[in-house]
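All remarks here apply to the structure that follows.
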Amino acid sequence: MEIKKINDIIQQRIPGPEGVFHRFSILVPIVKVQGELHLLFEVRAAHLRNQPGEICFPGGKIEKNETPAEAAIRETAEELNLTLGEIELLGPLDYVVTPFNTILYPFLGTIPQKGIDEIQFNPSEVGSIFTVPLDYFFNTEPEHHFIHIKASTHDDFPFHMIQNGKNYKWKVGKLPELFYEYNGHIIWGMTARIVKNLVNILKEEK
């Protein structure tokens with residue numbers, strides 16, 4: 001292979017995280033409640049296989065030939081029974097790469113023509129919805145905890161091929177877990193991290 005060919009390949013590609021990742025998009029919806037800006041949350045339906053009953057934002061897996069922004073709008077429309085035109089995208093927040101081979105692409109958006117009482121969500125995916133004033137998150141620091149992530153190997157791992165063998169000192173990761181509590185609702189995990197990221201972005205621009 002010639003250097004010119006190598007240069008062409010490198011110049012034309014868009015860099016991304018190395019490895020195989022599952023990609024998901026999320027919409028953080030801002031709605032107006034009695035003239036005040038709120039964030040809208042979903043409670044996942046109790047019959048779902050993954051994370052039943054947990055609090056989240058609308059979102060889901062990015063399909064083939066679909067951009068993260070398109071996925072965020074489509075998933076929100078499906079879960080909240082909205083048309084694509086009823087959702088207005090404001091822009092991306094910081095994306096998250098998890099230790100579990102997942103990339104999350106959050107977007108901020110609005111549902112300008114719908115009141116919270118007018119949203120007839122899809123019960124096959126959503127158990128209920130509720131809102132929290134945006135000011136609450138501006139004025140409330142989440143509770144911080146951490147999950148420590150350690151390497152775990154299979155019995156057939158080739159320890160004989162690495163320095164120090166079974167005594168090799170693997171690095172330990174630290175995953176932040178944030179918790180907000182509002183009117184009996186516990187908003188935690190990745191949803192809370194996305195909220196905190198939004199607050200940090202907006203506070204920087206004040």
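Can you give the charge dipole size of the chain about its Cα centre, rounded to the nearest 20 debye, using +1 on the beta carbon of Lys and Arg and -1 on the beta carbon of Asp and Glu?
Dipole magnitude for the chain comes out near 920 debye.
Hey, rough spin-label estimate for ILE3 and GLN51, points 7 angstrom out along Cα→Cβ, what's it come to in nanometres?
Going from the ILE3 label point to the GLN51 one covers 4.8 nm.
Report the calculated FRET efficiency for PHE179 and GLN113 (r = Cβ-Cβ distance, R0 = 41 Å), to the nearest 0.05.
Values: r = 33 Å, r/R0 = 0.81.
So the FRET efficiency works out to roughly 0.80.
Could you do me a favour and compute the accessible area per residue for region 47-181, 1.4 Å probe, result in Å²?
65 Å²
Once the whole set of protein chains is in place, how much accessible area is left on GLU204, using a 1.4 Å probe, in Å² to the nearest 10?
140 Å²
What list of ³J(HN,Hα) couplings, whole Hz, do you get for region 69-86 from phi and the Karplus terms 6.51, -1.76, 1.60, once you set θ to phi - 60° and write x for glycine and proline?
Once rounded to whole Hz, the list reads 5, 5, 5, 4, 5, 4, 4, 5, 4, 5, 6, 9, 6, 10, 7, 4, x, 7.
Starting from the Cα of TYR168, step 7 Å toward the Cβ, then list every residue of region 68-100 with an amide N under 17 Å from that point.
Label zone hits: none.
Going from most exposed to least, what order do ARG13, ARG49, ARG74, ARG193 have by accessible area with a 1.4 Å probe? Before the final figure, lay out the partial values.
Values: ARG13 130, ARG49 210, ARG74 40, ARG193 65 Å².
Of ARG13, ARG49, ARG74, ARG193, the descending order of accessible area is ARG49, ARG13, ARG193, ARG74.
How much of SER128 can a 1.4 Å solvent probe reach, expressed as accessible area in Å² and rounded to 10?
So the heavy atoms of SER128 present about 40 Å² to solvent.
Over the chain, what is the percentage of antiparallel beta bridges among all DSSP beta bridges, to the nearest 5?
Numbers: 33 of 42 bridges.
Of the beta bridges lying entirely in the chain, close to 80 percent run antiparallel.
Once phi is turned into ³J(HN,Hα) by the Karplus curve 6.51 cos²θ - 1.76 cosθ + 1.60 with θ = phi - 60°, what whole-Hz value does each residue of region 135-148 show in order, with x for glycine and proline?
For region 135-148, the Karplus curve yields 4, 4, 6, 5, 9, 10, 7, x, 6, 9, 9, 9, 10, 8 Hz.
Extending each Cα 7 Å along its Cβ direction at HIS148 and ASN81, get the distance between those two points in nm, one decimal.
Result for the modelled spin labels: 4.8 nm.
Based solely on its DSSP helices, what 222 nm [θ] is calculated for the chain when runs of n ≥ 4 H residues each add -39,500 (n - 2.57) and the sum is averaged over all residues, nearest 500 deg cm²/dmol?
Calculated from helices alone, the mean residue ellipticity at 222 nm is -6500 deg cm²/dmol.
Taking all protein chains as present, what is the carbon and sulfur share of the accessible area of the chain, in % to the nearest whole number, probe 1.4 Å?
Roughly 52 percent, rounded to a whole number.
Enter the accessible area of ILE186 (Å², nearest 10), with the probe set to 1.4 Å and all protein chains included.
80 Å²
Go through MET190, MET161 and list them by solvent-accessible area, largest first, probe radius 1.4 Å.
Values: MET190 55, MET161 140 Å².
Sorted by accessible area, descending: MET161, MET190.
Through the Karplus equation 6.51 cos²θ - 1.76 cosθ + 1.60, θ set to phi - 60°, convert the phi angles of region 158-165 into ³J(HN,Hα) values in whole Hz; use x for Gly and Pro.
Working through the residues one at a time gives x, 4, 5, 9, 10, 4, 6, x Hz.
Would you work out the charge dipole size for region 71-169 about its Cα centre, treating the Cβ of every Lys and Arg as +1 and the Cβ of every Asp and Glu as -1, and quote it to the nearest 20 debye?
Approximately 640 debye in magnitude.
Largest first, how would THR191, THR67, THR140 line up by accessible area (1.4 Å probe)?
Accessible-area ranking of THR191, THR67, THR140, largest first: THR67, THR140, THR191.
List the lysines whose alpha-carbon lies under 21 Å from that of LYS174, not counting same-chain residues fewer than 8 positions away?
LYS150, LYS196
The values are calculated or read from the model by the stated rules, or taken from the named source; none is laboratory data. What you see is a predicted model, and the numbers here were worked out from it, not measured in a lab. Don't worry about glycine lacking a Cβ; one is built from the backbone with ideal geometry, like all the others, and counts go over all protein chains shown. Heads up: the accessible areas ignore ligands, DNA and RNA and are worked out on the full protein's heavy atoms, side chains in. Shrake-Rupley method; radii C 1.70, N 1.55, O 1.52, S 1.80 Å.
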